[in-house]
1. Please give the total accessible area that chains B and A bury against each other, computed with a 1.4 Å probe and expressed in Å² to the nearest 100.
2. Report, please, the projected area of the stretch B:117-182 averaged over directions, based on the convex hull of its C-alpha atoms, in nm².
3. Just to confirm, what accessible area per residue do you get for the stretch A:1-54 at 1.4 Å probe, in whole Å²?
4. For the stretch B:142-244, what is the convex hull volume of its Cα atoms per residue in Å³?
5. Would you please state which residues of the stretch B:206-235 a label at B:Thr242 would reach in this model, taking the label point 7 Å out along Cα→Cβ and a backbone N cut-off of under 16 Å?
6. Okay, which of the stretch B:195-219 sit inside 12 Å, backbone N to the point 7 Å along the Cα-Cβ direction of B:Lys134?
7. With each label point set 7 Å from Cα along the Cα-Cβ vector, what nm distance links B:Asn210 and A:Asp118?
8. Using the eigenvalues of the Cα gyration tensor, what equivalent ellipsoid semi-axes result for the stretch B:209-311 when each is taken as the square root of five times the eigenvalue, whole Å, largest first?
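The values are calculated or read from the model by the stated rules, or taken from the named source; none is laboratory data. Bear in mind the structure is a predicted one, so any value in this text is a computation, not a measurement. Neighbour counts are summed over all protein chains in view; Cβ atoms, including those assigned to glycine, are modelled from backbone coordinates with ideal geometry. These area figures cover heavy atoms from the full protein model, side chains too; ligands, DNA and RNA do not enter into them. Shrake-Rupley method; radii C 1.70, N 1.55, O 1.52, S 1.80 Å.
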Amino acid sequence: MVIDQATFERIYDDLAPKIFKFCYFRVSSKEEAEDIASHVFLRAWDHVAGGKEVANIQGFLYRIANNLVIDYYRKNKDKRELSLNDPKNPIDVPDKAEFVERIDQQMLVNQVQDVLRDLQDNYKEIVVMRFVNDLSIKEISYILGTSENNISVRLHRALDKLKSLI
Amino acid sequence: MKPDIFKQLEEIGKASIVDHGWLAVNKRRLIAYMHMHPIHIHLARSRFWFRLAPVVLAGIILLITGGVSLASQNTLPGDFLYGWKVGFVETVESTFVVGAQSRADFEVARTTKRLQEITELSASKNADSSVVSKAQKRLQDQITVASETIAKAAEKDSEKALETAVKLGAVLNAHQNVLTTIEKSADSETKTQMKNTISTIENTTSDIKNTIESLKEQNKLSWILTKTDAELKVEAELKFKTSQDALDNVWQLVIILDEDSDIRLKAEQNLGAAQEEINNAETLMGSNIYNEALDEIQNAAQLISETDELLKATQESGEVVREIFVSPAPTDILTPALDLVIPTKSLDSLQDAL
């Protein structure tokens, strides 16, 4: 699929809210999520502008987003580890979703964030993709570059863990 | 205890939680980025051309003469086909240019080509000094020709001639800026070449500035003598809108540059000054002083044009210049090299992402 600029703008309109949501529930900060989501589209455009074809644009964008989130975790690793020992400044406590206009949605976002906070990263990514972003097992397997069986097993374990947390 | 977490996750999946203000601003940034990094047509179509190779091969044989001309387009002084480009291709092109204004525009475009070539050549370590000297002389001659054609065009339409003169001044200024910036991080061999080229450009810029100022005065006088207040009002309002749009467009290109880069700093200074001129024009228009408002708008247009040409000069620079842009500066140089494009994340993270 060859994508021109007008098509890419439409793709942005359709998928930017979803990519933001994916990033937000992974990094727990609105500003960081917006920054990562912005870069997802710039990186994707670099790829497209280089003349390379993209067969599955949605999967491709999520794949970039996932890699950038991992990159974000890696870069902030020291800070995260340090913060675990610093009760005054725990890095994993998510920002309150004050940017969400509706109060009921704000509360909902905060409650989900609270639960996801305690889930380890590799489980969190799969839960967010499956339930928050409503992606199929097949789509998740494409994004994470692993088999559908593997995804199903990991999802099952993630749900068990999630149940144990609540 | 949160027993309804799965229901909550499902609800979150359906909800829209994105900040729509961010969505809109980010889209504008993305569009500006796409304009600055357009699709490489040749790469995008490479597979298509591969399939059509036999047909293309036959076409190439038929178009061989045209091919030589095309191949000469990106040559530099000293290259085998450079003589063909300036002696044949450009001479043929010039025969199709009719009218004083078109001739002036053509010569300014030709000056831009000479500037791109000399910038690239001056930054090259292996350039023969005699070739560089000849190219500097050719540039000087070309600027003289361009100035003469602008003067002729001004006899017929001084407003359009002023636009062309402003463009010429902006192009010269832009390349002087690029050379001055890369000269800081160049080695001693190329430093001298660059300095000589910078002085070649400097020697001509004062003449162009005088031409611009004299055309501005001529236009001002013409407005006062030939136009009614109502006509001036219409013209001022139209130009005000055009300048504000042009300013907004260039801003979109500037905001995606690296915040610490020299080019962004320079561009922000220019555009800030342009915005002030536009604001002054608005105040003057509010007091019905339209001829002075037009003057302020003209100053703004000049600053916007300079910024636009500066961005183009950096974007369209050749391989040698780009290499200097991205190479680390010597330790004794405190000023960082100009960042060409948006180095927002490292190359490593880009590779990881893709």
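1. On the way: alone 21400 and 10050 Å², together 27060 Å².
Buried area (both sides, nearest 100 Å²): 4400 Å².
2. Working: hull surface 18.4 nm².
That works out to 4.6 nm².
3. Values: 1740 Å² over 54 residues.
I get 32 Å² per residue for the stretch A:1-54.
4. Working: hull volume 10.1 nm³, N = 103.
Given the Cα convex hull of the stretch B:142-244, per-residue volume reads 98 Å³.
5. The answer is B:216, B:219-220, B:223, B:231-235, whose backbone nitrogens lie closer than 16 Å to the label point.
6. none
7. 8.2
8. Details: eigenvalues 158, 43, 18 Å².
So the three semi-axes of the stretch B:209-311 are 28, 15, 10 Å.
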